[in-house]
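These notes are about the structure you will find just below.
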Amino acid sequence: MSNTATITTTHHDLNKNHWENKVKLMEKSKIFLDFFASDLIQRSIDLYFNITTEERNVSILDLATGTGLVPFKFVDEKILPDKIKISALDGIDFAASMIEGAEYKKQSRIEEKQVEFDWDNLKFQVMDGQELKFPDESFDIVYSNMGVMFYPKMVQGLSEIKRVLKKGGMAFVNSWTDDFPNRVSSQALFEVLQQNRPPFALQDPKVFEQRCREAGFEHVEIRQVTQSLKMKYSELQNIFNMGNQFATLVQKYLKENPQVTSTEKELLDRIDQVSRREFNISNNDEEIEIISIANVVILAK
Ligand SMILES: C[S@@+](CC[C@H](N)C(=O)[O-])C[C@H]1O[C@@H](n2cnc3c(N)ncnc32)[C@H](O)[C@@H]1O
């Protein structure tokens, strides 16, 4: 196999079209996203909502909301102290399919009448997080669970958070580090295709902090949080639809690199072997441990 082989579509090639087709993936990988979303919310409860002494209204924005994982936590669970009333709960995402998914969840809840909420206060909009349409100082709290990390114009996107935050407001934003849920298998893919895995933009906590400062935040705290999860290897393959995903990537790779003599099947088998070797397992039903680590920034204006 030649060393000059290239692969131009990876799980890091994340433009709008990529995300438009990822609603199912988002739902299936909720087991990972949910843990980190709850972590962001818990930090905001400890550092903001529980500190507030008097009754008050709060406005909340969730950036790159996907199908609304963060906002629906406020709708479905009684997580805020009684003295806090939500006057606005906004979720934005640049992928229309994600917003449709969020709207669907909202409508289902309205129809099922199982949760009470002031539904006019919950709004989802298609919007690019790097160019928010909200006026300055609109929100008390801003979240983004594994979203901002994908912005190409990172400092501009983080500056937008600062712009829309009220004075005294706070933002809670996280990013995958080098230990993300499907790291082992995607590294196997890159190893077999002789590529370096492109890093996530905010995987280095120092860079994350630096970008926040460049965006004008003076109060930046950075933390790390780890999730350890056990599941069967086959479950992980199913969550990330690895069979299909990897086959598509390998086909593209072979098309772009006609000098490569291996067949699609040989490459896919090799990726699977490397994955299992890293997990130290010999069959799909064996249990593996997945360690995911996120950087979390806590921003105050
Ligand atoms: C890993 S998903 C996380 C979704 C959601 N926050 C959750 O926890 O379920 C990343 C999301 O970021 C969105 N996204 C990426 N770049 C964006 C941008 N520039 N503006 C708005 N949304 C963006 C994608 O469409 C996708 O829904």
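Looking only at residues that are of a type in the set (S, T, Y) and crowded, with 21+ Cβ neighbours inside 10 Å in the range 126-175, which one is modelled with the lowest pLDDT?
Taking the range 126-175 first, the residues of a type in the set (S, T, Y) are 138, 143-144, 151, 159, 175.
Now restrict to residues that are crowded, with 21+ Cβ neighbours inside 10 Å: 143-144, 151, 175.
Values: Y143: 98, S144: 98, Y151: 94, S175: 97.
Only one residue fits best here, namely Y151.
Right, F279: farther than 30 Å from L158 by Cβ, touching a helix residue (DSSP H, G or I) at 6+ places or on another chain (Cβ under 9 Å) and either surrounded by 15 or more Cβ atoms within 10 Å (Cβ to Cβ) or among the charged types (D, E, K, R) (or both) or not? Spell out the reasoning first.
Values: farther than 30 Å from L158 by Cβ: yes; touching a helix residue (DSSP H, G or I) at 6+ places or on another chain (Cβ under 9 Å): yes; either surrounded by 15 or more Cβ atoms within 10 Å (Cβ to Cβ) or among the charged types (D, E, K, R) (or both): yes.
Criteria met by F279.
Quick one: is K123 more than 12 Å from D62 (Cα to Cα), outside any helix (DSSP H, G or I) and either at pLDDT 95 or above or within 13 Å of the ligand (Cβ to nearest atom) (or both)?
Details: more than 12 Å from D62 (Cα to Cα): no; outside any helix (DSSP H, G or I): yes; either at pLDDT 95 or above or within 13 Å of the ligand (Cβ to nearest atom) (or both): yes.
So K123 fails the test.
Of these, L236, L193, L202, which one is hydrophobic (A, V, I, L, M, F, W, C), buried (at least 20 other Cβ atoms within 10 Å of the Cβ) and farther than 21 Å from S275 by Cα?
On the way: L236 fails: farther than 21 Å from S275 by Cα; L193 fails: farther than 21 Å from S275 by Cα.
Just a single option satisfies the conditions, and that option is L202.
Out of all the residues in the range 35-57, is one or more buried (at least 20 other Cβ atoms within 10 Å of the Cβ), in contact with a Lys or Arg (Cβ under 7 Å, 6 or more places away or on another chain), assigned to a helix (DSSP H, G or I) and at pLDDT 95 or above?
Yes, there is a match, as at least one residue in the range 35-57 is buried (at least 20 other Cβ atoms within 10 Å of the Cβ), in contact with a Lys or Arg (Cβ under 7 Å, 6 or more places away or on another chain), assigned to a helix (DSSP H, G or I) and at pLDDT 95 or above.
So which residues in the range 69-98 are hydrophobic (A, V, I, L, M, F, W, C), over 21 Å from F36 (Cβ atoms) and assigned to a helix (DSSP H, G or I)?
Just the residues of the range 69-98 that are hydrophobic (A, V, I, L, M, F, W, C), to begin with: 69-70, 72, 74-75, 79-80, 84, 86, 88-89, 92, 94-96, 98.
Those left that are additionally over 21 Å from F36 (Cβ atoms): 84, 86, 88, 96.
Matches in the range 69-98: A96 only.
For residues in the range 261-272 being touching a residue at least 12 places away in the same chain (Cβ under 8 Å) and within 31 Å of the chain's Cα centre (by Cα), which is surrounded by the fewest Cβ atoms within 10 Å (Cβ to Cβ)? Break it down into steps so the answer makes sense when it comes.
First pass over the range 261-272, keeping only residues touching a residue at least 12 places away in the same chain (Cβ under 8 Å): 261-262, 264, 267-268, 270-272.
Subsequent filtering for residues that are within 31 Å of the chain's Cα centre (by Cα) retains 264, 267-268, 270-272.
Values: E264: 13, L267: 22, L268: 20, R270: 17, I271: 24, D272: 19.
Residue satisfying both the conditions and the ranking: E264.
Would you confirm, using the coordinates I've provided, whether S186 is among the hydroxyl-bearing types (S, T, Y), over 26 Å from I239 (Cβ atoms) and within 16 Å of the ligand (Cβ to nearest atom)? Write out each step before concluding.
On the way: among the hydroxyl-bearing types (S, T, Y): yes; over 26 Å from I239 (Cβ atoms): no; within 16 Å of the ligand (Cβ to nearest atom): yes.
Considered against the rule, which asks whether it is among the hydroxyl-bearing types (S, T, Y), over 26 Å from I239 (Cβ atoms) and within 16 Å of the ligand (Cβ to nearest atom), S186 comes out as no.
Restricting to the range 148-183, what's the tally of residues that are within 15 Å of the ligand (Cβ to nearest atom) and not in a helix (DSSP H, G or I)?
The total comes to 13.
Filter the range 1-34 for residues that are modelled with pLDDT under 50 and of a type in the set (S, T, N, Q) and give the result.
Hits for the range 1-34 are S2, N3, T4, T6, T8, T9, T10.
Kindly provide the set of residues from the range 44-101 that are away from the ligand (no atom under 16 Å from the Cβ), among the aliphatic types (A, V, I, L, M) and under 21 Å from D136 (Cα atoms), ordered by number.
Scanning the range 44-101 gives V58, I86, A88.
Please list, ordered by first then second residue, the pairs with beta carbon atoms under 6 Å, 6 or more apart or interchain, first in the range 28-43 and polar (S, T, N, Q), second away from the ligand (no atom under 11 Å from the Cβ).
Here the result reads S29/I239, each pair linking the range 28-43 to a residue that is away from the ligand (no atom under 11 Å from the Cβ).
Just checking, which of F217, F246 is surrounded by 18 or more Cβ atoms within 10 Å (Cβ to Cβ) and not in a helix (DSSP H, G or I)?
F217
Within the range 102-120, how many residues turn out to be within 16 Å of the ligand (Cβ to nearest atom) and either at pLDDT below 95 or not in a helix (DSSP H, G or I) (or both)?
Residues of the range 102-120 within 16 Å of the ligand (Cβ to nearest atom): 102-106.
Those left that are additionally either at pLDDT below 95 or not in a helix (DSSP H, G or I) (or both): none.
Total meeting the criteria: 0.
Please give the number of the condition Q187 fails out of (1) touching a Phe, Trp or Tyr at 6+ places or on another chain (Cβ under 6 Å); (2) modelled with pLDDT under 95; (3) part of a helix (DSSP H, G or I).
Condition (1) is where Q187 drops out.
Could you please find all residues in the range 131-145 being within 16 Å of the ligand (Cβ to nearest atom) and in contact with a Ser or Thr (Cβ under 9 Å, 6 or more places away or on another chain)?
Selection gives L132, F139, I141, Y143, S144, N145.
The values are calculated or read from the model by the stated rules, or taken from the named source; none is laboratory data. Because the structure is predicted, anything quoted here is derived from the model rather than measured. Because the Cβ atoms are built from the backbone with ideal geometry, glycine has one as well, and the counts that use them run over all protein chains shown.
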